[in-house]
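Here the structure comes first, spelled out in structure tokens, and everything after it is commentary.
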Amino acid sequence: MSNNAIDLTTLNELKEIMGDDFSELVTVFISDSQIQLDDLKAAIEASDAPTIRRVAHTVKGSSANLGIETLSSICKELELNAAENNIENADELFNSIVKEYNDVKTELEKLI
């Protein structure tokens, strides 16, 4: 995980705003993201660029909302590539997404 993987300012602001609901938000992010990554893997295996774009967009947005910048950035790259029907490096980007997600998940779990 890179040093700027999670914007702690954004995360702390969310924690302050959401109060007791913050833990649920993080738990839902973790479980939903795992489902999205499973969908993304299937879409890549099927060479389904529109689905790759849609799922990458979803993970990008939910990550950005929590201040998870690196994961969001990698998803954005995959989303833009898939929008241009360029999925040649989708496997490589997916592997980066999974690694980053797992690192971020470990950090987020410490907060709940």
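Throughout, read-outs are computed from the coordinates displayed, never taken from laboratory work. Because the structure is predicted, anything quoted here is derived from the model rather than measured. Because the Cβ atoms are built from the backbone with ideal geometry, glycine has one as well, and the counts that use them run over all protein chains shown.
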Residues of segment 1-33 being touching a residue at least 40 places away in the same chain (Cβ under 8 Å), of a type in the set (S, T, N, Q) and either loosely packed, with under 12 Cβ neighbours inside 10 Å or not in a helix (DSSP H, G or I) (or both), in sequence order, are S2, N4, T9
Verdict on A83 being in contact with a helix residue (DSSP H, G or I) (Cβ under 9 Å, 6 or more places away or on another chain), surrounded by 17 or more Cβ atoms within 10 Å (Cβ to Cβ) and either in contact (Cβ under 8 Å) with a residue 24 or more places away in the chain or within 17 Å of V28 (Cβ to Cβ) (or both): no
Qualifying positions in segment 48-105 - among the β-branched types (V, I, T) and closer than 18 Å to T10 by Cα: V59, I68, T70, V104
Are any of the residues in segment 49-58 among the aliphatic types (A, V, I, L, M) and either surrounded by fewer than 17 Cβ atoms within 10 Å (Cβ to Cβ) or assigned to a loop (DSSP other than H, G, I, E, B) (or both)? no
